[in-house]
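Reading through the structure tokens given below for one structure.
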Amino acid sequence: MKHLSIGLIFFGFVGFFLTGQAQLFEYRYQPGERYRIVSQVQQEVYEDDFLLSQSNQLNRIQIFVESVEPLDPTLAAPRPWAVPNGPTRAFHRLTYQNSVEAQTTTAVHQFDREYTADFWRDTQGFFDISQEYFVPTVQNVPVFPPYPLEIGQTWSAPGVEVHDLRGGFFNLSQPFRFPMPVTYRYLGREWWEGKEYDLLEIEYQIYHPTGLPRFPATNPRLITGFSSQRMYWDSLKGRPAYYEEVYELVLVLSEGTLFTFRGTANARTVDSQPLNRSETVRALEDEIEQRQIEDVGVRVTDEGISLILEDIRFQPDSAELLPQELQKLDQIARILEAYPYRDILVTGHTALAGTVQGRQLLSEERAKSVGQFLLDSGVRDRDQVMFRGLGANEPLGSNATEEGRRLNRRVEIIILDN
């Protein structure tokens, strides 16, 4: 079963203004700005009273603000307040990367799937987004009223959650969407990790009959639950810094089974500057040459810059690295220390031999070994590394020749450009 992963809020940039003792919040956007959100979710899944799984998941969301324009009030989404004069909205391009569960808190996360979405969001926080998208998971949260807020003041507005239930037990082909009434409270200023931020309390209760047909019997007919969150903003930079959440979501199926998703989550916003690709490629090639590292190449990919470990050697039919490869990886780790704020995606590849399933599993296990080595070496934090396997799907050479197969038996360490 594909586990439901909730607890991820999409952040926008938020301005902070003083008006006497009250404060006016609104979203602000700059064309061309880039940032990412890193979310970690600890979740338990139950079928009725039986514990099915426990997981520790990593989600990476990259956001690019493409343009900003005045908001036409006649096109604005329904909201509980009148649209003030002169609001703007921004067009966002979003890429969401999800990991599958990691069984321990020291294991490297495995890349699972990637989503994309394009949408508008206005200065109060309301989305204009097609219902075909599976992300952002939480929409219209947080939103702000067009009047100043005092410490302790509350307000309410409608929100939306969206989940992917296409795979596994539920097998829904469309995004699973439901509304919820959200209550906010402005709590004032609070210290977090040595800095003072503005703090919001966000709460919502869920009770939503889905209206789905009773057949098939796996259709959810009722969803209930709650979310309790605390959100921190940097008032000087005008952007969110961090949030933490406790949640529970219960899906009641037509045939009576209850699936419960219960857990905690947190997320932080990280600035992201475009990577100077040509300059970085030259620097990496110089480092590889100076360190005399053999069988390592550099190439530009759609995702960033890849260090290609050509013909990387493992014990036969296993993911255990040979001693000389560990020495090579240690040299690579030292090179990666020059790019500490760049996340890493380790990708395993195989030559065209054996079965499709065997190639896929072997490519995953070998990428995991390399990713775990980098994680254990301390060159990256756990929320900066994912791995994936692509089997023989992306060859660099012909599998009809030994030289081609040598190129295809590789692991790539991608320095992500986002």
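The values are calculated or read from the model by the stated rules, or taken from the named source; none is laboratory data. All of these numbers come straight from a predicted model, not from anything done at the bench. Glycine also receives a Cβ, built like all others from the backbone with ideal geometry; neighbour counts cover every protein chain displayed.
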Hey, among Asn59, Asn85, which residue is at pLDDT 90 or above and out of contact with any Asp or Glu (no Cβ under 9 Å at 6 or more places or on another chain)? Asn59
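When you look at Ser5, is it within 29 Å of Phe226 (Cα to Cα), at pLDDT below 90 and outside the structural domain of Ile202 (by TED's automatic domain parsing), yes or no?
Numbers: within 29 Å of Phe226 (Cα to Cα): yes; at pLDDT below 90: yes; outside the structural domain of Ile202 (by TED's automatic domain parsing): yes.
Answer is yes for this residue.
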Just to be sure I understand, how many residues within the range 213-235 are in contact (Cβ under 8 Å) with a residue 40 or more places away in the chain and of a type in the set (A, V, I, L, M, F, W, C)? 3
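Only one of Arg406, Arg334, Arg342 is charged (D, E, K, R) and within 24 Å of Ser99 (Cβ to Cβ). Can you tell me which? Before the answer, list the steps.
Details: Arg406 fails: within 24 Å of Ser99 (Cβ to Cβ); Arg334 fails: within 24 Å of Ser99 (Cβ to Cβ).
From the options Arg406, Arg334, Arg342, the qualifying one is Arg342.
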Test Leu374 against the criterion of being farther than 20 Å from Ile415 by Cα, in contact with a helix residue (DSSP H, G or I) (Cβ under 9 Å, 6 or more places away or on another chain) and surrounded by 20 or more Cβ atoms within 10 Å (Cβ to Cβ), and give yes or no. no
For the range 192-212, pairs from a residue that is touching a residue at least 12 places away in the same chain (Cβ under 8 Å) and more than 16 Å from Glu161 (Cβ to Cβ) to a residue that is assigned to a loop (DSSP other than H, G, I, E, B) and not small (Gly, Ala, Ser), with Cβ under 9 Å and 6 or more apart or across chains, are Leu200/Pro142
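Being at pLDDT 90 or above and touching an Asp or Glu at 6+ places or on another chain (Cβ under 8 Å) is the requirement here; does Gln23 meet it? Reasoning before the result, please.
On the way: at pLDDT 90 or above: no; touching an Asp or Glu at 6+ places or on another chain (Cβ under 8 Å): yes.
No, not satisfied.
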Among the listed residues Thr301, Thr347, identify the single one that is β-branched (Val, Ile, Thr), surrounded by 18 or more Cβ atoms within 10 Å (Cβ to Cβ) and either more than 26 Å from the chain's Cα centre (by Cα) or at negative phi (or both). Thr347
Surrounded by fewer than 15 Cβ atoms within 10 Å (Cβ to Cβ), modelled with pLDDT of 95 or more, assigned by TED's automatic domain parsing to the domain that holds Ala22 and not aliphatic (A, V, I, L, M), is that true of Gly152? yes
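Would you pick out the residues in the range 382-418 that are among the polar types (S, T, N, Q) and under 16 Å from Lys368 (Cβ atoms)?
Taking the range 382-418 as the starting set, the residues that turn out to be among the polar types (S, T, N, Q) are 384, 393, 398-399, 401, 408, 418.
Hit for the range 382-418 is Gln384, nothing else.
Table: residues versus (1) modelled with pLDDT of 95 or more; (2) more than 21 Å from Ser55 (Cα to Cα); (3) assigned to a strand (DSSP E or B).
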| site | (1), (2), (3) |
| --- | --- |
| Leu236 | no, yes, no |
| Leu249 | yes, no, yes |
| Phe261 | yes, no, yes |
| Thr264 | yes, no, yes |
| Thr269 | no, yes, yes |
Among the residues of the range 140-169, write down those that are in a strand (DSSP E or B), over 27 Å from Ala22 (Cβ atoms) and not acidic (Asp, Glu). Val160, Val162, His163
Near pairs, Cβ below 6 angstrom, 6+ apart or cross-chain, from the range 85-110 (assigned by TED's automatic domain parsing to the domain that holds Ile37 and of a type in the set (Phe, Trp, Tyr)) to any residue that is at pLDDT 90 or above and not in a loop (DSSP other than H, G, I, E, B): Phe91/Glu66; Phe91/Ser67; Phe91/Trp120; Tyr96/Ile61; Tyr96/Tyr115
